[in-house]
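Heads up, the thing below is written out as structure tokens.
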Amino acid sequence: MYTFSLLSFVLLMLYKASVGNELPCDIKKCHFGDSVCLMNTINDLIGHYPNGISEIGLAPLDVTRLQDISIVDGSKSDPVWLSFHIKNLKNKGFNNATITRVKGFNKDPSKSSMIIKAHIPRLIHKGIYNMQSRVLLFVANATGNFRSEFLNFRLKMRIKGIQEYRNNKRYLRIYELKPKVELQRWVTWLDSLYKENTDLTIALNNIINENWLEFWQDLEPGMLKTFELCLMSILKKVFDNVAYDDLFLPDEA
């Protein structure tokens, strides 16, 4: 009896591996390339499952955790340089996203880019920063907690992928994801910029926020990398778990 039960379990696991995972039955499937339907379906998925769907690899959308990342890594041989690194980074707010446009996702996803546009009222980064800088003879070294808020955040991501075959099914493998963002306001706070002088820490944070656009222009390439990693970590797991054809309705005969 025990051997039979074990054999049944093994056969069940093999069956599940062969058929793959499916979207929840309450999420409407679309035909390939149906932009309006795909936009509505993704919005339904975000609205109904903000905590993710572990069965298909969809991670919680309210908090995305990332590994350590360098936002700026200036050359220390220059008279003016800045290095800014973040660890224990948490991204919060994708669960409040509204998808505004979807393009692509055709039957052969490798033939053209896929585009998703979204609006997020408020996106938050939290973590621990380490900053080193030099302006001529003045050298600074600071570390502490930081928080960034991106307000009225508009995202456009361009995705490129290729097809992979596993278990006689097609899967999408993303090899490039490029985000572009627009935002109305960026508000940030860096603790302990000067541990020995709280007033100076407050004053410097105020200067950064009053001149946020100039700082954003310098930091944007590194910050875009954090968004790329967040989005890639969310999408890759879903496409790894669910066959591409299982995401869509079959072609009409």
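The values are calculated or read from the model by the stated rules, or taken from the named source; none is laboratory data. All figures in this text were calculated on a predicted structure; none of them were measured in a lab. In this analysis, Cβ positions are derived from the backbone assuming ideal geometry, glycine residues included, and neighbour counts consider all displayed protein chains. Side chains are part of the model used for accessible areas, which takes the heavy atoms of the whole protein and leaves out ligands, DNA and RNA. Shrake-Rupley method; radii C 1.70, N 1.55, O 1.52, S 1.80 Å.
A few remarks follow.
- Most tightly packed first, judged by the mean number of other beta-carbon atoms within 10 Å of their residues, the peptides 233-241, 203-211, 108-116 read 233-241, 108-116, 203-211.
- By the equivalent-ellipsoid construction on the alpha carbon gyration tensor, the stretch 100-182 comes out with semi-axes of 39, 18, 13 Å, ordered largest to smallest.
- Ellipsoid semi-axes in whole angstrom, largest first, where each is sqrt(5λ) of the Cα gyration tensor of the stretch 29-247: 38, 18, 15
- Evaluated over the Cα positions of the stretch 179-253, the convex hull gives a direction-averaged projected area, one quarter of its surface, of 8.1 nm².
- Over all other residues within a Cβ to Cβ distance under 12 Å of residue 124, the charged ones net out to +3, with Lys and Arg as +1 and Asp and Glu as -1.
- Relative contact order, whole percent, for the stretch 123-195 stands at 34, derived from Cα pairs under 8 Å and 6 or more residues apart.
- Charge sum, other residues only, whose C-beta stays under 12 Å from residue 160's C-beta, Lys/Arg counted +1 and Asp/Glu -1: +3
- Heavy-atom accessible area with a 1.4 Å probe sorts 244, 194, largest first, into 194, 244.
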